[in-house]
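In what follows, a structure is listed as structure tokens, so that the remarks can point back to it.
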Amino acid sequence: MFIVMITPECAPAAKVGGLADVVHGLSKELAIRGNAVEIIMPKYDCMRYDRIWGLTKSYADLWVPFYSRWVHCDVYFGWMDGLKCFFIEPHLDRNFFNRGVFYGHQDDAERFAFFCRAAMEFMFKSNKRPDIIHCHDWQTALAPVLLYEMYQHLGMSHPRVCFTLHNVGHQGISGEYVLREVGLNPGALMTYDRLLDDYRRGAINLMKGGIVYSNFVTTVSPRYAQEISYTHLGMGMQRILGMHCQKLGGVLNGIDYGVWNPEIDAHIAKSYGIASLHDKYANKEALRRHLWLRDGMKPILSFVGRLDPQKGVDLILHTVAYCLERGCQFVLLGSSPHGHINTAFWNLKRRFNDHPDCHLELGYNEELAHLIYAGSDMILVPSEYEPCGLTQIIGLKYGTVPIVRNTGGLADTVFDANYAPKPYHERNGYVFNDYNLQGLESALERAIGMWNIYPQYFRELMVNGMRCDYSWNHPGQHYLNIYNYIKA
Ligand code: ADP
């Protein structure tokens, strides 16, 4: 099968969060299974070019209609970890993708609407006729709209579209001018069963367009599929998802065990596996040395992730002092585009900067993330909502016991040591229900208590987690089944 991924991110060169890992891991799995996979993404100035091999201009004459003119684009080709990637570079005075960051601009909707039109135009002009176009999140949601409203009539009738919702919290809300800019007729699309937003008068909702126009819609865990269809976590999408429920499915993300695996991880101090779990301790020592933490019989609890309100920022802030009071060490690696959150964490960092049991690293650091997963005893994911969450899945593989809230993919992957309706050998972490300090503390207390008082049971939890298979093997097959279903 020939599959084209249209995506705003792909690890390792352009990564903001889990979406990048998912596109990378899924594409690799599909390629290993004998499918032809190509990735189309914007050519950002802030990509890690050291992670792209053989970058060359492969298509220099792409002219993309945009508003009342044609924009000249170059398309580059390069290999990213063995994957074929095309990078679109528009030559436009507005510098859509040369802004030093991936997202966070006033005109994000226009930037990515343009990208969708350019990606479709590139496929059309270069005669690519994939069986499946797989789009990811609102940034690429206009691709199926363009396919069925425009390119199908120009002869691209073959491809079918799978659209994955990685996070319904970001929907791409904008004005109708965005449609006109990319050559679509707002008149036909501005209805409630198409792109018109259900709640914001006169606004278009790009994600909604992706849902309506795709042949199949997936989200990144079964629990999240339920939550967005039937609860407030749908964030206004419940009605349209209900209308299209026959083509909605939840496929739990995997992780790439070629990248996230303590047995072969080049970024950690010492490799280890279930049979050599004692070597995890060398990584704990290395992490302490790296972050200037003191030695001692204390567990290390960590957080790695975007510092977004979704991630439970207030609970994370509370955990720092709580941990230190309970004789734990606390490590945080995270960054935030939100000014007030950034300030709160910088203040906390200043307050605990000299504390021998605490380190807050504010920024993005791929290599340090690996060492934190390997060197910590527990990893915290207290999200208010979590479509899938990769940090807890990575934690499990590294024998780092997750402490999570009972939501989305966290609920599908972590099973409470004390209360899960599962046999003991399948329990792998700590789960709390209520999004508040009592809920959080109930789980932290049990986890820290277990580490201190019953280390042998804690070790069993670690091993149970390491035994789980959250590779791309199952989800890879699941996606192929979906592709075959819509292709038929
Ligand atoms: P989300 O997609 O909501 O950001 P996920 O848990 O699905 O959250 O994925 C987060 C991914 O990004 C993980 O691979 C995690 O290790 C990585 N990550 C997040 N923040 C950072 C950071 N500051 N430095 C390094 N890696 C990070």
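Annotations for the structure displayed:
- In the range 181-212, the residues that are closer than 17 Å to GLY249 by Cβ and either of a type outside the set (Gly, Ala, Ser) or in a loop (DSSP other than H, G, I, E, B) (or both): MET207, ILE211, VAL212
- The range 308-334 residues that are farther than 16 Å from VAL381 by Cβ, paired with ones that are among the acidic types (Asp, Glu) and open to solvent by less than 10 Å² (accessible area, probe 1.4 Å) (beta carbon under 9 Å, 6 or more apart): LEU324/ASP357; GLY327/ASP357; CYS328/ASP357; GLN329/ASP357
- Single residue of the range 415-431 satisfying the filter (open to solvent by 30 Å² or more (accessible area, probe 1.4 Å) and within 12 Å of MET466 (Cα to Cα)) that is farthest from the ligand (Cβ to nearest atom): HIS425
- Verdict on ALA286 being open to solvent by less than 30 Å² (accessible area, probe 1.4 Å) and assigned to a helix (DSSP H, G or I): yes
- Here is the figure for the range 371-397: residues that are of a type outside the set (A, V, I, L, M) and within 11 Å of the ligand (Cβ to nearest atom) total 10.
- Taking the numbered list (1) surrounded by fewer than 22 Cβ atoms within 10 Å (Cβ to Cβ); (2) within 16 Å of the ligand (Cβ to nearest atom); (3) in a helix (DSSP H, G or I) in turn, TYR224 passes all entries but (1).
- Condition check for PHE97: without any contact (Cβ under 8 Å) to a residue 60 or more places away in the chain and within 26 Å of GLY54 (Cα to Cα): yes
- Any hit, the range 101-111, residues being open to solvent by less than 10 Å² (accessible area, probe 1.4 Å) and under 22 Å from HIS24 (Cα atoms): no
- Wholly enclosed strands (runs of 3 or more DSSP E) of the range 32-93 bearing at least 2 residues farther than 29 Å from SER471 by Cβ and at pLDDT 95 or above: 53-66, 69-80, 83-90
- Residue count for the range 330-370, restricted to those that are near the ligand (Cβ under 9 Å from one of its atoms) and open to solvent by 50 Å² or more (accessible area, probe 1.4 Å): 4.
- Residue within the range 304-316 that is touching a helix residue (DSSP H, G or I) at 6+ places or on another chain (Cβ under 8 Å), within 22 Å of HIS166 (Cβ to Cβ) and in a strand (DSSP E or B) present: yes
- Cross-chain or 6+ apart pairs with Cβ under 6 Å, the range 13-39 first and not assigned by TED's automatic domain parsing to the domain that holds ASP308 and open to solvent by 10 Å² or more (accessible area, probe 1.4 Å), then assigned to a strand (DSSP E or B) and within 10 Å of the ligand (Cβ to nearest atom): GLY17/ARG306
- Identity of the residue in the range 1-31, in a strand (DSSP E or B) and within 16 Å of the ligand (Cβ to nearest atom), that ends up nearest to PHE102 (Cα to Cα): ALA14
- ASP412 vs. criteria within 16 Å of the ligand (Cβ to nearest atom), open to solvent by 40 Å² or more (accessible area, probe 1.4 Å) and not hydrophobic (A, V, I, L, M, F, W, C): yes
The values are calculated or read from the model by the stated rules, or taken from the named source; none is laboratory data. Keep in mind it's a predicted model, so treat the numbers as computed, not measured. Using ideal geometry, Cβ is built from the backbone for each residue, glycine included, and neighbour counts are taken over all protein chains shown. Keep in mind that these areas ignore ligands, DNA and RNA; they rest on the heavy atoms of the full protein, side chains included. Shrake-Rupley method; radii C 1.70, N 1.55, O 1.52, S 1.80 Å.
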